[in-house]
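Below is one structure, written out as structure tokens, with a few remarks after it.
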Amino acid sequence: MINKEEFLLKAYKLGIIKFGDFTLKSGIHSPFYVDLRPLASSPELLRELSNHLLYLLKDSQYELICGVPYAALPMATAMSLESDVPLIVKRKESKGYGTKKMLEGIFEENQVCVLVEDVITSGKSLVETIEEVEKEALKVKDIVVVLDRQQGGIELLKNRGYNVFHLFSIGEVIDILYKHSLLSAEEAKKIKEFLEGKPMVSIQKVTRSSYEEKLKVQTHPVAQKLLQIAMQKESNLIASLDVTSSAELLDLAEKTGDQIVAVKLHTDIISDFSSEYVSELKNIAKEKNFLLFEDRKFGDIGNTQQLQFEKGIYKISEWADMITSHVIAGAESVKVFGETTGVVTIAEMSSKGTLTDGAYKAKAIEISEKAGNVIGCVAQSKLPETLLLFTPGVNMTSSGDSKGQQFNTPEKVFKEYHTDFIIVGRGIYASSDPQAEAEKYRKAGWESYKNNV
Ligand code: 5IU
């Protein structure tokens, strides 16, 4: 392997960096322009480069290599050939037919994938690629880049917890070229000044968006209402009142109403359901300012779901602010709930052995993002920021039950999943003092949110 400096000098001859006055995509003028694509025209240099990049990763453990399209694809391929580590290929856009996969290749859930990028500027395209790769349930820990333009990208990714290795920084490149008289002192100075004077691309959020920020991007009135209540009450708690008599439910709604943003219901378990019960519940919801969230988990073809939603004895469409629905029947089936009820789709379940694996979750997210009436998903891991995340399976004193439920603490779900709303059932209604317990969960949920925002 030739050393870094020699490599750079040879690569320079291919025209990978040019000096002058260039207008970048962003509209700003830059005294240099970098394009590493010509490296693929030299098999010798591409191989050298891949060995340098592999060397940077010598202490890393990974099972797959993935290049950020398109410039890094040949680099990632060369690394794969040199290291015998399998390659996966990320598409720039989904095929729109067939499997609509964004990642091509053979891989399994939880495999660790290293990402390869040619030039890092703000880090935005890497963040997008990381999201795609993580959506497929792969793990990303290490990222290797050839050139850092020193504009905040590395900091952004490090802040998000990734290790970023880079072969060169632009400053280093300038020094080497100057040393070999490929740049005049004046040019080198001009570029250095440009690098120093240029405002860093602002370092993006380390963690998650706040409710205030989410309110600005959420367009569905129910999502907006939910976020407003959360901010007013300093609560992200949804009480799942899974009791079987209307009196018990109304009593719990009254007792926990001040602490919560919504009551989650399974109306079909109420043995004495009546329209009076519904109007009493609506009154409490109005008085205490919380939403009614029917956890019906629709899971049929559109026509049947519509009947279940509007007809029968429950007439859910008449009183529920929000409902849950599976997306198992495809995108069309979700449309039947109309525009005014907030739909929360089931992307991932909390129970042991659930069939909602990474691939299922990715498809559920895709449907949810495209549907105008879906405000978020139920899931046990991160979602794209455009969807609100609802996480059940939260309990501060138990780790599960004998029927497959698996519990996490509020702290964990806010920190690791960036959840927006926790859903707590038995933790509240099965306690001897539901009101005090709801306050404990409200406080724990709010503090965990605050710590991660
Ligand atoms: N619920 C889950 N897990 C899921 C989904 C829904 O627990 O994946 I989708 C519901 C079931 C119950 C409530 O109504 O959330 C959780 O109640 P407990 O906190 O009592 O387990």
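Values in this text are rule-based calculations from the coordinates and carry no lab data. All of these numbers come straight from a predicted model, not from anything done at the bench. Note that each Cβ is placed from the backbone with ideal geometry, even for glycine, and that neighbours are counted across all protein chains shown.
Multiplying the residue separation of ASN159 and THR397 by 0.36 nm and subtracting their alpha-carbon distance yields 82.5 nm.
May I ask for the distance between the Cα centers of the range 205-283 and the range 384-447, given as a whole number of Å? Each part reduced to its Cα centre gives a spacing of 14 Å.
Full extension of the chain between GLU131 and LYS335 gives 70.8 nm of extra length, using 0.36 nm per residue less the Cα-Cα distance. Here the spin labels are modelled as points 7 Å beyond Cα on the Cα-Cβ line, and at VAL112 and ASN283 they lie 6.1 nm apart.
Length gained on full extension, LYS412 to LYS189, computed as 0.36 nm times the residue gap minus the Cα-Cα distance: 75.4 nm.
All Cα-Cα distances of the range 371-441, cut into 10 Å bins from zero to the largest, leave 20, 46, 28, 6, 0 percent in each bin in turn.
Near ASN303, once Lys and Arg are set to +1 and Asp and Glu to -1 for all other residues with Cβ below 13 Å from its Cβ, the sum equals -1.
Think of each Lys and Arg Cβ as +1 and each Asp and Glu Cβ as -1; about the Cα centre, that makes the dipole of the range 211-451 roughly 500 debye.
Simple spin-label estimate for ASP84 and LYS443 gives 5.8 nm between the two label positions (7 Å along the Cα-to-Cβ direction from each Cα).
From the square roots a ≥ b ≥ c of the eigenvalues of the alpha-carbon gyration tensor of the range 211-451, which class results: rounded (a/c under 1.5), prolate (a/b over b/c), or oblate? Note, shape of the range 211-451 comes out rounded. DSSP finds beta bridges in the chain, and of those with both partners inside it, around 15 percent are antiparallel. Overall, the ratio between the Cα radius of gyration of the range 4-197 and 2.2 N^0.38 Å, rounded to two decimals, is 1.05. Cα gyration tensor of the chain, axes a ≥ b ≥ c as square roots of the eigenvalues: rounded (a/c below 1.5), prolate (a/b > b/c) or oblate? Note, shape of the chain comes out prolate. When both bridge partners sit in the range 1-147, DSSP labels roughly 35% of those beta bridges antiparallel. Summarising the label geometry, the points placed 7 Å from Cα in the beta-carbon direction at GLU276 and SER351 lie 3.5 nm from one another. Less than 5 angstrom separates the built amide H of LEU87 from those of ILE65, all sequence-distant by 5 or more or on a different chain.
Taking square-rooted eigenvalues a ≥ b ≥ c of the alpha carbon gyration tensor, is the range 215-275 rounded, prolate or oblate, where a/c under 1.5 means rounded and, failing that, a/b exceeding b/c means prolate? In terms of gyration-tensor shape, prolate.
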